[in-house]
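The structure appears right after this line, and notes come after that.
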Ligand SMILES: Cc1cc2nc3c(=O)[nH]c(=O)nc-3n(C[C@H](O)[C@H](O)[C@H](O)COP(=O)(O)O)c2cc1C
């Protein structure tokens, strides 16, 4: 799939997840299902001409279910983003830097 299409899918998915969350639904994105395409195609009757990029589970969260009490921490922004200042400096920006 072209990079431009992948970016579009990512943006679409984020908007979809935010919209579902805003309406009180819980979501879980799963790219791991692409490792089992035959099973997924058979269970969901997905034709061969459609690519399987990821799965998305949508439902109402059960806060009493033990697995739902696991909260994955996010990396700090400087681990994910490199701010370039135009002077060849590729060091991650520090908090308070002018960008
Ligand atoms: C693109 C993408 C693919 C993911 N694929 C999987 C996956 O295959 N299996 C999995 O356990 N979690 C996967 N995750 C993580 C979960 O969807 C989810 O983000 C994680 O359990 C943390 O939950 P939270 O985002 O509600 O904090 C993926 C996340 C993203 C953004």
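The values are calculated or read from the model by the stated rules, or taken from the named source; none is laboratory data. This one's a predicted model, so the numbers in the text were calculated from it and none came from an experiment. Glycine gets a Cβ as well: all are built from the backbone with ideal geometry, and neighbour counts include every protein chain shown.
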* To do: For segment 2-21, indicate whether the set of residues that are under 25 Å from residue 69 (Cβ atoms), modelled with pLDDT of 95 or more and not in a helix (DSSP H, G or I) is non-empty.
  => no
* Being surrounded by 10 or more Cβ atoms within 10 Å (Cβ to Cβ) and more than 9 Å from the ligand (Cβ to nearest atom) is the filter here, so list the residues in segment 12-40 that pass it. => 12, 15, 16, 18, 19, 20, 25, 36, 37, 39, 40
* Structure fact -> Picked from segment 61-73 (must be under 17 Å from residue 30 (Cα atoms) and assigned to a loop (DSSP other than H, G, I, E, B)), the residue nearest to the ligand (Cβ to nearest atom) is 72
* Asked: Under 9 Å by Cβ, and 6 or more places apart or on different chains, what pairs join a residue from segment 61-75 that is at positive phi with one that is assigned to a helix (DSSP H, G or I) and exposed (fewer than 10 other Cβ atoms within 10 Å of the Cβ)?
  -> none
* Structure fact -> Per the list (1) at pLDDT 90 or above; (2) surrounded by fewer than 10 Cβ atoms within 10 Å (Cβ to Cβ); (3) not in a helix (DSSP H, G or I), residue check on residue 99 breaks on (1)
* To do: Please list, ordered by first then second residue, the pairs with beta carbon atoms under 7 Å, 6 or more apart or interchain, first in segment 18-39 and closer than 11 Å to residue 55 by Cβ, second part of a helix (DSSP H, G or I).
  => 27/17; 27/20; 27/21; 29/13; 33/40
